[in-house]
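To keep things clear, I will list the structure first and then write my remarks on it.
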Amino acid sequence: MPELSEIKIMSDFINHVTSIEKFFERIEKSPVSKVKTPLEVFNGGVFTIANAQSRGKELMLTLEMVGGDLHNSIQQKLLVSLGMSGNWIYMRKESANLEKVLKHAHLRFVTTHGNYLVLHDVRRFAKWRWDDNWNKGRGPCPLTEYDKFCENIKLQWKKHRAFKVPLNELLMNQTFFNGVGNYIRSESLYRTKINPFIIANMLNIKDLDNLLSTIHICFRDSYTLGGGQLRDWHNPYGTEGKSFKEWIKCYGLSTMNKVKDNTGRTFWYDPIWQEECKKLYY
């Protein structure tokens with residue numbers, strides 16, 4: 001957490017904020033942050049956040065210098081990984097909660113008005129670096145690059161050794177399932193009614209197509225409902241998470257079974273697959 005849907009919502013939110021706050025004067029990190037990326041940008045000049053984009057579990061900010069050459073924009077791109085609990089918050093300088101928020105705001109964009117757009121991360125797993133390209137170790141986005149996402153998997157399904165693992169564990173492999181995390185894998189596998197413990201490359205093409213389309217639909221639904229507002233993450237727009245919780249059919253429910261898999265994560269699944277689960281984990 002956060003997964004693809006939440007990160008796309010956060011990129012939308014950053015774009016919304018930058019429609020209000022046009023100009024920024026500096027980037028800073030909290031005194032306790034251990035990320036070593038230098039944050040001096042454009043030699044201290046004023047800049048804008050031209051846009052924020054998401055791809056799976058990654059977020060990229062394109063920063064653009066204000067002034068200079070009128071015909072050629074000067075840009076730098078910051079690639080951000082949100083970790084387990086990263087979220088973006090906009091705070092005005094006069095807010096009574098400013099100091100409380102800044103305590104866990106480890107990456108801070110300061111506007112020319114003295115307000116803050118910050119990456120809030122209680123667990124401190126978030127990271128960032130200057131990079132013009134997405135991480136090569138992550139596959140296409142299942143939501144916005146669906147055709148490429150399917151092609152990437154189908155080309156390797158019977159060939160790559162990564163697919164010689166139980167299906168529930170494969171879905172956590174970001175090389176192929178970029179953006180999938182714990183709740184989307186549980187919801188997707190539950191809704192397909194496919195044995196989640198089958199060795200992945202033994203899946204037939206019909207079930208594979210069903211799985212890929214279901215993952216896409218689950219991300220679409222989650223994004224539309226305002227994201228998985230569970231535990232550490234809350235929609236930055238302040239959206240109520242009731243509709244999302246009503247959408248959940250498997251993850252975290254007392255009527256479902258759960259097991260700690262070989263990825264070290266707790267997987268929630270339909271009780272009808274208990275005997276199949278025992279063959280792998282007991």
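Here the range 5-39 is the region considered, the condition is being among the aliphatic types (A, V, I, L, M) and over 21 Å from the mean Cα position of the chain (by Cα), and the residue that is farthest from LYS103 (Cα to Cα) is ILE20. Considering only residues in the range 40-61 that are aliphatic (A, V, I, L, M) and over 24 Å from GLU6 (Cβ atoms), the one that is nearest to the chain's Cα centre (by Cα) turns out to be VAL41.
What number goes with the only condition from (1) more than 14 Å from the chain's Cα centre (by Cα); (2) part of a loop (DSSP other than H, G, I, E, B); (3) basic (Lys, Arg); (4) surrounded by 16 or more Cβ atoms within 10 Å (Cβ to Cβ) that LYS159 does not pass? Result: LYS159 fails condition (4) only.
Filter the range 1-57 for residues that are over 21 Å from ASP131 (Cβ atoms) and aliphatic (A, V, I, L, M); which is surrounded by the most Cβ atoms within 10 Å (Cβ to Cβ)? By that ranking, first place goes to ILE9. For PHE47, the stated conditions do not hold, so it cannot be described as touching a Pro at 6+ places or on another chain (Cβ under 6 Å) and either outside the structural domain of LEU171 (by TED's automatic domain parsing) or closer than 28 Å to GLY226 by Cα (or both). Across the range 177-189, a minimum of one residue is classified as free of Cβ contacts under 8 Å to residues at least 60 places away in the same chain, surrounded by 19 or more Cβ atoms within 10 Å (Cβ to Cβ), at negative phi and not charged (D, E, K, R). Residue count for the range 191-222 under the criterion of being of a type in the set (S, T, N, Q) and more than 21 Å from GLU246 (Cβ to Cβ): the result is 5. The residues of the range 231-249 that are under 20 Å from the mean Cα position of the chain (by Cα) and modelled with pLDDT of 90 or more, listed by number, are TRP247, ILE248. Filtering the range 134-153 for residues that are in contact with a helix residue (DSSP H, G or I) (Cβ under 6 Å, 6 or more places away or on another chain), on the phi < 0 side of the Ramachandran plot and not in a loop (DSSP other than H, G, I, E, B) leaves a non-empty set.
The values are calculated or read from the model by the stated rules, or taken from the named source; none is laboratory data. Keep in mind the model is a prediction, meaning the values are calculated, not measured. In this analysis, Cβ positions are derived from the backbone assuming ideal geometry, glycine residues included, and neighbour counts consider all displayed protein chains.
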